[in-house]
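To start, the structure under review is shown below, and the notes come after it.
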Amino acid sequence: MFDMQKIGKKLSSLRKEKGMTQMELADKMEISFQAVSNWERGKTMPDISKLPELAALFGVSIEEILGDDKKGKLVEALAGGNTPENVQAEDLADVAPILPQETFNEALERNKDAVDEDALLSLAPYMDEGDLKEIAEKIAGQKGKLSCIEALAPFMDERDLGELVKGGEYSIKEIASLAPFMDEGDIADAARLYFQKNPDAPAKGLEALAPFMDEDDLGEIAEKVAEQKGKLSCIETLAPYLDERDLGKIVKSGEYSIEELAALAPFMDEGDIADAARLYFQKNPDAPAKGLTALAPFMDEDDLADVVAEMLKRGKPLNDFSDVFSFLPSNFLKKIVYQK
């Protein structure tokens, strides 16, 4: 990058050598007094179109004003409408802040092959989204990984980033690193593709994507993953991000242990917990009633009473439910004892 403080001091010195005030220089350059003041204080740089005029006015070269022969020659060539080839990407990045977009685009087009992974980051803020996508795809394809373009994500169009992610075979960790800059739908599509291609992959990878996904998409994918794995523990870390209705649907659609149900209970609707408990004990009539203990704190007391009453009808001893007595309605035990 150019040293704007150094350039500002040089311009101030050249102006004073000519015996000109800032206002006089501004009038000659047909710009505002504030613009000249900002130049000399190192706050801004003269536009490339003004550099030849300044050089002619002060009787010096552009290189002398900029204090860098190599970059000065590049700026001089670009200011004259000549776009050299074989420009190093880092040099183009250094002069980019003072180039009109059209001039920068033309210079980039003629030197695109010289842009590598390291140089791309410094050029990204000045590039058109289409050019950035093209070069990012090329680099990601060559390297076979997304981490090499992670720093570019804030500058890319979210649709372009989505196409790039879905166009290759990348790890869930790599996808997650770009998720904050992607469209929700593209994140969901990328997750679906990943688990379709990697059915044995740990579902835990979804946890990093979950905060950036639409609840409906996450619910759909979590349901498929739970069905494939045959256990709820694989989606336990996703529960805080899932809609409670989707979570209830997942729980009630499979055959899971009471311990797995209990792990998800804090994130479920009370009615769904009750339905899941009923289904579990209907399918597992010999299961210990003690399993209800972990669910009871999250259940509506009337629902809990209904589940206990159903189990008592099926022959479970009342003493088996001693651990949940404190969660039951106050009149429930009296009613049961009276009936007996």
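What separates the Cα centres of region 84-156 and region 204-237 is a distance of 36 Å. By the helix-only formula, in which each DSSP H run with n ≥ 4 contributes -39500 (n - 2.57) and the sum is divided by residues, the chain has a 222 nm mean residue ellipticity of -16500 deg cm²/dmol. Each peptide in 85-93, 204-212 receives the mean, over its residues, of other Cβ atoms within 10 Å, and ordering these scores from highest gives 204-212, 85-93. A viscosity of 1.002 mPa s and a temperature of 20 °C, combined with the Kirkwood radius over C-alpha pairs in the Stokes-Einstein formula, give the chain a diffusion coefficient of 83 µm²/s. Considering all C-alpha pairs of region 138-192, those separated by over 17 Å amount to 22%.
Size of region 1-64: Rg and Dmax of its alpha carbons, in Å, are 10.5, 30. The ratio of the alpha-carbon radius of gyration of region 1-126 to the globular-protein estimate 2.2 N^0.38 Å is 1.09. Hey, could you get me the Stokes-Einstein D for region 128-242, Kirkwood radius over alpha-carbon pairs, 37 °C and 0.692 mPa s, rounded to whole µm² s⁻¹? Translational D for this selection: 228 µm²/s. Derived from the Cα gyration tensor, the three semi-axes of the equivalent ellipsoid of region 243-340 are 23, 14, 11 Å, largest first.
Every number in this text was worked out from the coordinates using simple rules, so none of it is lab data. In this text the structure is predicted, and so the values were computed from the model without any measurement. So basically every Cβ, Gly included, is an ideal-geometry build from the backbone, and we count neighbours across all protein chains shown.
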